[in-house]
Amino acid sequence: MKILHTSDLHLKNVGDERWQALEEILELAKNEKVNLLIISGDLFDRHYDAQNLRDKIRPLFSGNDFKIIIIPGNHDRDAFIKGYDFGSDVIVLDEENYSVELDDLKIFGMAFKEFTQDEILKNLRKYSKETTKEKPNILVFHGELLDVVYRPEDFGEEEKNYMPVKLAYFKGLNFDYILAGHFHTGFYVNEFEKGKYFVYPGSPVSITKKETGKRKVNLMEIGAPPQEKEIDSFHYERLEIFLDPSKNENPLKILQNRLKKLGKNAQGILRMEGYYNSEVLGLTEEELKREIMRLCGDKCVDIDKGFRCIDLKIIAEDDIVKKFTKKLEQRNIDEERRRDLFNLIVKAMLELKYGGK
Ligand SMILES: [Mn+2]
């Protein structure tokens, strides 16, 4: 029994990067011959988007060789009104119809609701009592796992707590897998009891610039641990460059090399800092920024914000700086230490030259 598990696509439009990610996921499910596709909440960005996209999603969610189980998340909690047709393969698990029994599995869905911790626990116990001994039981869940130290941005742009749970809540209950959604940043899995797993696949496409790196889904076999599987969807990638003046490198060459390595579906969040000598490069700070923008085209975002290079020509010819740079070159020290030391000498030199005037 093979399952593809994802969540948090936040669909808004047909044909955009998020829509393409959904198409890629369906293609993967088909190629991998999965028995089930599970979407653990926030398939749609808003209630309105679900209304607007329902007729377009219907053909994608019909006629597949697998069922598609969906639960509402905090973003699309009101989207799945009874009687609405999202496609013939779809089973929505909500407050009313919270479980479904298939040939090899029993699946429970805990749709998003503004529950207190007591209510969550009560519900979990109620569901657990209805689990079956004959086959594995799965809980599909949308909310926060408090065990992990999160930053608010890990959930996209949420400001408050949504359905907070702890791994301890699931101990002693009869769920073999908790297939969760809501956590955007990355793939997270925890074996909270022997052979029992809690897993967040992370959003399968970058929703905000905070979700960087290749996106993943959970492609798992019942009885085995969840497995992360990289997909080729749109994503942001941090593109950080530090110019080390002791190395005398051409910033534009470094950038070109980094851009070449950027995947075709990736967009770089550029940050270039450090020092260079405009006399050697033949470009002022303004000109250098303009060249960077030209090279990046639409492959990078936030170039203005990320351009932090400093022209050092006013102190570069100073003998002390030259000696220091040479010394730094000869020493075998790591990149970060080198950076700190250089920042120090630059600060000191600038202060010597201009301080107090
Ligand atoms: Mn959410």
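Residues of segment 295-320 being open to solvent by 20 Å² or more (accessible area, probe 1.4 Å), over 30 Å from LYS209 (Cα atoms) and among the β-branched types (Val, Ile, Thr), which ones?
Result: ILE314, ILE320.
Select from segment 97-137 the residues that are within 31 Å of the chain's Cα centre (by Cα) and acidic (Asp, Glu) and write down the one among them that is farthest from ILE57 (Cα to Cα).
ASP118
Return only the number of the condition from (1) buried (at least 20 other Cβ atoms within 10 Å of the Cβ); (2) closer than 28 Å to GLU23 by Cα; (3) touching a residue at least 40 places away in the same chain (Cβ under 8 Å); (4) outside the structural domain of ILE25 (by TED's automatic domain parsing) that GLY268 does not satisfy.
Against the list (1) buried (at least 20 other Cβ atoms within 10 Å of the Cβ); (2) closer than 28 Å to GLU23 by Cα; (3) touching a residue at least 40 places away in the same chain (Cβ under 8 Å); (4) outside the structural domain of ILE25 (by TED's automatic domain parsing), GLY268 comes up short only on (3).
For segment 198-235, what are the residues that are part of a strand (DSSP E or B) and open to solvent by less than 30 Å² (accessible area, probe 1.4 Å)?
PHE198, VAL199, TYR200, VAL217, ASN218, LEU219, MET220, HIS235
I'm checking my understanding of the structure. Among residues of segment 174-186 that are open to solvent by 10 Å² or more (accessible area, probe 1.4 Å) and away from the ligand (no atom under 16 Å from the Cβ), which one is farthest from ILE207 (Cα to Cα)?
Going through the qualifying residues, I end up with ASN174.
If a residue must be among the charged types (D, E, K, R) and either within 13 Å of the ligand (Cβ to nearest atom) or outside the structural domain of SER40 (by TED's automatic domain parsing) (or both), how many such residues does segment 187-207 contain?
0
Given the structure, is MET110 within 16 Å of the ligand (Cβ to nearest atom) and either of a type outside the set (Phe, Trp, Tyr) or under 24 Å from LYS229 (Cβ atoms) (or both)?
It is true that MET110 is within 16 Å of the ligand (Cβ to nearest atom) and either of a type outside the set (Phe, Trp, Tyr) or under 24 Å from LYS229 (Cβ atoms) (or both).
PHE66: of a type in the set (A, V, I, L, M, F, W, C) and within 16 Å of the ligand (Cβ to nearest atom), yes or no?
Against the criterion (of a type in the set (A, V, I, L, M, F, W, C) and within 16 Å of the ligand (Cβ to nearest atom)), PHE66 does not qualify.
Only residues in segment 61-73 that are surrounded by fewer than 17 Cβ atoms within 10 Å (Cβ to Cβ) count as the first member; pair them with residues that are at pLDDT below 95, Cβ under 6 angstrom, at least 6 apart or cross-chain, and list the lot.
none
Step by step: first the residues of segment 78-98, then only those that are within 16 Å of the ligand (Cβ to nearest atom) and surrounded by fewer than 21 Cβ atoms within 10 Å (Cβ to Cβ), then the one that is farthest from VAL34 (Cα to Cα). Which residue is that?
Checked segment 78-98; the qualifying residue farthest from VAL34 (Cα to Cα) is ASP78.
Run ILE138 past the list (1) assigned to a strand (DSSP E or B); (2) at pLDDT below 95 and report the number of the one that doesn't hold.
Every condition holds for ILE138 apart from (2).
Consider LEU9 carefully, then state whether it is of a type in the set (A, V, I, L, M), within 16 Å of the ligand (Cβ to nearest atom) and within 19 Å of the chain's Cα centre (by Cα).
In short, yes.
LYS210 passes all but one of (1) away from the ligand (no atom under 16 Å from the Cβ); (2) closer than 30 Å to TYR276 by Cα; which number fails?
Just one mismatch for LYS210, condition (1).
The values are calculated or read from the model by the stated rules, or taken from the named source; none is laboratory data. Since this is a predicted model, take the numbers as computed values, not measurements. Glycine gets a Cβ as well: all are built from the backbone with ideal geometry, and neighbour counts include every protein chain shown. Protein only, heavy atoms only, side chains kept; ligands, DNA and RNA dropped before computing areas. Shrake-Rupley method; radii C 1.70, N 1.55, O 1.52, S 1.80 Å.
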